[in-house]
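Laboratory data are not the source of any read-out in this text; all were calculated from the coordinates shown. These figures come from a predicted structure and were not determined experimentally. Glycine also receives a Cβ, built like all others from the backbone with ideal geometry; neighbour counts cover every protein chain displayed.
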Amino acid sequence: MKHYTATCIVIVTLILASIMLPLVAAHAPLGTGDNESIDKATVIPDPTKSWALYSALNKDGDAQYYTFNVTAGQTIHVTMYKSMRDQDVTFVPRLIIVGPNVTTQGNIPSKITVPSGLNAQLVNQTAPTPTFEPFSPGTFTGFPDTTLENPTPGKYYLVVFEQSDAPKGGNYGLAIGDREIYTIDEWFLIPFNLMNIYQWEGQNLALILTPMITTLIVGVILVAWQLRRRCGLANPLAWLGAIAGLTFIGTSATTLGELISCATKVSVGVEAVITLIFALVPLALGLVAVRLSIKNSQKATFRKRIYFVILGVAALFIWAGLIVGPILAIITAVMPTILRKKN
C-alpha cells in the first residue's frame, strides 16, 4: 500500500507537469548588452519567436537600439512595458519602429539614428496598464501591442528612448513575437532568469532568496531530527534525496511569495490559478522526495531509486529546485544508504 501511494503521487505529479507545459506562455529571455548606438543594436534572431527583453534607460538620455530581419509573409508583434517600481512612476519610455516602407509618423528626435533609405514611426502611446503576469509570476505596466502586418521584407530597428528634456531613466522591457518555443538551455535556465526579472521589478535579491533559504534551513533541521530517530545521520542517500526535495519545496515557497507580492501591487484574478499550479507541482515533488528519503531510509530499493530519477527529471522540466535539486535527486538514485566506516 505504501508503494502504491508513492506511485500514485508520482504519476499525478507527472500528469500535472504535462498539463503545465502546454499552458506556458512566458517569453524566452534575451540579453540586451551595450546597445546605445545603432551599430551595437541588440540582434533579435527570430522576431516571430516570443522573446522578452528587460533593460533600463540611463539618465543621460541615450536611446537603445534593437534590430531584426523580416521575411515575406511574417507578422511581427511588439509590446513595450515598464516596471512598477516607485521610481518609475513618472518614467515614460517611447518606442520608434524603423524600417523599409514604415509609415513616417511623429516627431523623431535628432539624436535618433535612422539609416538612409528607411523610415521611422513614433508609436502612438496611451497610458500604461498595470498587469499581472501569472507565469513568472510578476507585475509590470504594459503599453498597447504594436503589430507589423505583412511588412516589407528587410532590416528593421526598434528604438527605445525617453522623450524628455530632463530624462529620469528607468526600467523598461520589450516583448516581441508570439511563437512559444524554447531551446533546452533557455528552458532550464528560466529559474535564474526569473531572479533577474524580479530584480528588474525592484526586488532585493536577498528577499527573493529568503523563501528558498528558510525552507532549506528549517527543512534540514526537521530531516536531521527524523533521521536521528530512525537510522542515524550517516545516510548520504537520505540526505541528498531530502535536500533535493527541500529545494523543490523552496521553489514552491518562492512562487507563492511572489504571488503574494504581486497581489499587493495589482488586481490578481482567476489567472492566479496558473501560478498556484506552478507552486503546487514542485510542492508535490518535494513532499514525495522527502518522504522517500526519510521513510525506511536504511533501505534503498530499486523502485525507490527509479522514483528519484523520475522526480529529478520532472523537476528539471518544471523549473523546480534551481537545477541543483534535480541533479541531487538523480545522484540520489546511485548513492549508498550508509557510509562505510574506515578500519
Query raised in the report: On full extension of the chain, what length is gained from HIS77 through LYS111, given 0.36 nm per residue of separation minus the C-alpha to C-alpha distance?
Result: 9.7 nm
**Report entry** Neighbourhood net charge (13 Å Cβ-Cβ; Lys/Arg +1, Asp/Glu -1) for GLY33
**Finding:** -2
Query raised in the report: Could you give the radius of gyration (one decimal) and Dmax (whole number) of the Cα atoms in region 129-178, in Å?
Result: 14.5, 37
Report summary line: Log entry: pair-distance distribution for the chain, C-alpha pairs binned every 20 Å from zero, whole % per bin is 28, 46, 22, 5, 0
Query raised in the report: When the helices in the chain are scored as -39500 (n - 2.57) per DSSP H run of 4 or longer and the sum is shared across all residues, what 222 nm value do you end up with, to the nearest 500 deg cm²/dmol?
Result: -14000 deg cm²/dmol
Report task. Would you mind calculating the gained length between VAL220 and ARG179 on full extension (0.36 nm times residue separation, minus the Cα-Cα distance), in nm to one decimal? Result -> 10.6 nm
Report summary line: Here region 254-264 yields Karplus 3J(HN,Hα) values (6.51, -1.76, 1.60; θ = phi - 60°; whole Hz; Gly and Pro given as x) of 5, 5, 5, x, 5, 4, 5, 4, 4, 5, 7
**Report entry** Karplus (6.51, -1.76, 1.60) ³J(HN,Hα), θ = phi - 60°, over region 61-71, in Hz, Gly and Pro reported as x
**Finding:** x, 5, 7, 10, 10, 9, 9, 7, 9, 10, 10
Query raised in the report: Size of the dipole of the chain about the Cα centre, Lys and Arg at +1 and Asp and Glu at -1 on the beta carbon, nothing else charged, in debye to 20?
Result: 2560
Query raised in the report: How large is ³J(HN,Hα) for each residue in region 126-138, as worked out from phi by the Karplus curve 6.51 cos²θ - 1.76 cosθ + 1.60 (θ = phi - 60°), to whole Hz, x for Gly and Pro?
Result: 9, 4, x, 10, x, 9, 9, 9, x, 7, 6, x, x
Query raised in the report: Amide H neighbours of GLN163 under 5 Å, counting only residues 5+ apart in sequence or on other chains, H built in-plane at 1.01 Å?
Result: ARG94
Requested in this report: Mind giving me the nanometre distance, one decimal, between the label points for LEU118 and MET195, set 7 Å out from Cα along Cα→Cβ?
Outcome: 3.6
Report summary line: Taking N as the number of residues in region 28-179, the ratio of its alpha carbon radius of gyration to 2.2 N^0.38 Å works out to 0.99
Requested in this report: Give the angle, between 0 and 90 degrees and rounded to the nearest 10, that separates the Cα long axis of helix 190-200 from the longest principal axis of the Cα atoms of the chain.
Outcome: 50
Report summary line: Among VAL309, LEU237, PRO151, the residue whose Cα sits farthest towards the positive end of the charge dipole of the chain (+1 at Cβ of Lys and Arg, -1 at Cβ of Asp and Glu, taken about the Cα centre) is LEU237
